[in-house]
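Bear in mind that the values in this text are calculations on the coordinates, not laboratory data. Quantities reported herein were computed from a predicted structural model and do not represent experimental measurements. Here Cβ is always computed from backbone atoms with ideal geometry, including for glycine, and neighbour counts include all displayed protein chains.
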Amino acid sequence: MSVTLVTGGTGMIGSHVVRALVARGDTVRTTVRGRSRTDNLIGVDAQQVECDILDRRQVRRAMRGVDRVFHCAGLTSLRASADLQFQVNVHGTRIVMEEALKAGAERVVHTSSFAAIGPAERGSTADEDQMFRAGRFGLAYVNAKHEAEMIVLQLAAAGLPVVIVNPAHVMGRGDLYRSSTEIVRRFLRCEIPAYVDGAICLVDVEDVAAGILLAEEKGNVGERYILGNRNYTLDRLFAELGRISGIEPPAVKLPLPAAMALVRGLGALPGRPAITPAELQASALWWTFRSNKARRDLGFKPGHHEDSLERTIAWYREREPLRLRSPGARQPLPLRTSGFTLQQVERFVSMFAG
């Protein structure tokens, strides 16, 4: 009996891939670390094997009898150190791909990230052919995801039948580790004191899982496919979240240098900072993409973008009803006052600059 292996099956994307594969009729095996939270796999008919992707012997055992591999495991936190980013996302990917090649897997899908492509030029969108120039930003997660792709492509040239997918910023249900949907949670808690001029492409996790299965069925070996949906400026995203949730959007938009000074000041205070310099730097970039290739070659058809935001908000309200602000909540008065003042200054400067 053929077996389909999913690494990282307890995570947001991985668990949706597992469910989609089970629904397709596959016999599914998924890797689970000893400390993994398995909430996302409750009631799912899939074999769970304890396996850390950094342990080659465990990965080799997990590969026995496997003919398809979906590599969804990885580290997504921008707060993790560069060493940990490269250990998990680069070295871990190398181990999984090398063992898949040795095991004779007939088909492999590597779940990468739009980070591996790098941000678009401000005001534009990028596609799969964009040359990677994001190393200059010094973001360890971005550099690690790009390096992992280079390894995957080298092994594709060595005979590994692998296809790469690059999901955009993932929304929806199941983000147990509060990674990509953390921005929504912070919004619902009124914990975004200020923001900068950036943009981001969002996509629902269910659409990503569907796109990953389509890549396995129809994708060309050695090619990558962006799985995205709606591109938002942060202004527009916060306005949309405010309309859906009933919570007032952040009031203060700052130039990047001023915001960075604020974030570094907050980071000096006791406790976990609301945002780190790396997260702020990333949010100031233009992560906007076109998914034309996936739509054309794979038949990728993401759903309505508002539905995804609604599902994300509903999921957090179910899990943390007492920790989130209620509809009608406003930003703290000092922030509203600062936001109004900054708006007036910008209008004054624009009037004289024009």
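Site pair E310 and R56 shows an inter-label distance of 5.1 nm when each label is modelled 7 Å from Cα along Cα→Cβ. Close amide H partners of M171, meaning residues 5 or more places away or on another chain with modelled amide H under 5 Å apart, are V203, D204, V205.
Within a Cβ distance under 11 Å of F300, other residues only, what is the Lys/Arg minus Asp/Glu net charge? Taking every other residue near F300 into account, the sum is +3. Here the stretch 1-54 is treated with +1 on each Lys and Arg Cβ and -1 on each Asp and Glu Cβ, and its dipole about the Cα centre works out to around 80 debye. Annotation: amide H-H contacts under 5 Å for F132 (H modelled 1.01 Å from N, sequence separation of 5 or more, or interchain): none.
Principal-axis analysis of the Cα atoms of the chain puts helix 12-24 at an angle of about 40° to the longest axis.
Would you mind counting up the charge near K102? Only other residues with Cβ under 14 Å from its Cβ, with Lys and Arg at +1 and Asp and Glu at -1. Residues near K102 contribute +2 overall. Mean residue ellipticity at 222 nm, helices only, the chain: -12500 deg cm²/dmol; runs of at least 4 DSSP H residues each add -39,500 (n - 2.57), and the sum is divided by the number of residues.
Simple rule: put +1 on each Lys or Arg Cβ and -1 on each Asp or Glu Cβ in the chain, find the dipole, and look at A20, I53, V263; the Cα lying farthest toward the positive end is V263. Taking amide hydrogens as placed 1.01 Å from N in the peptide plane, the amide H of V3 sits under 5 Å from those of D67, R68, each at least 5 positions away in sequence or on another chain. Karplus-based coupling profile of the stretch 151-168, in residue order and whole Hz: 5, 4, 5, 4, 6, 4, 5, 8, x, 6, x, 10, 10, 10, 10, 10, x, 6, with θ = phi - 60° in 6.51 cos²θ - 1.76 cosθ + 1.60 and x standing for Gly or Pro. I'm spelling it out carefully: the read-out is volume of the Cα convex hull per residue in Å³, the candidates are (1) 127; (2) 297; (3) 145, and one was derived from this structure. Which label? Recomputing volume of the Cα convex hull per residue in Å³ here gives the entry labelled (3).
Within the shell defined by Cβ-Cβ distances under 14 Å, the residues around P321 carry a net charge of +4, with Lys and Arg each +1 and Asp and Glu each -1. Entry note, the chain: relative contact order of 18 percent, from Cα contacts under 8 Å with a spacing of 6+ residues. Exposure here means at most 16 other Cβ atoms within 10 Å; with GluC sites (Glu not before Pro) in a DSSP loop as sites, the longest stretch of the chain lacking them is 224-354.
Overall form of the stretch 97-187: oblate. Here a/c, set by the Cα gyration tensor axes a ≥ b ≥ c, is 1.5 or more, and a/b is not larger than b/c.
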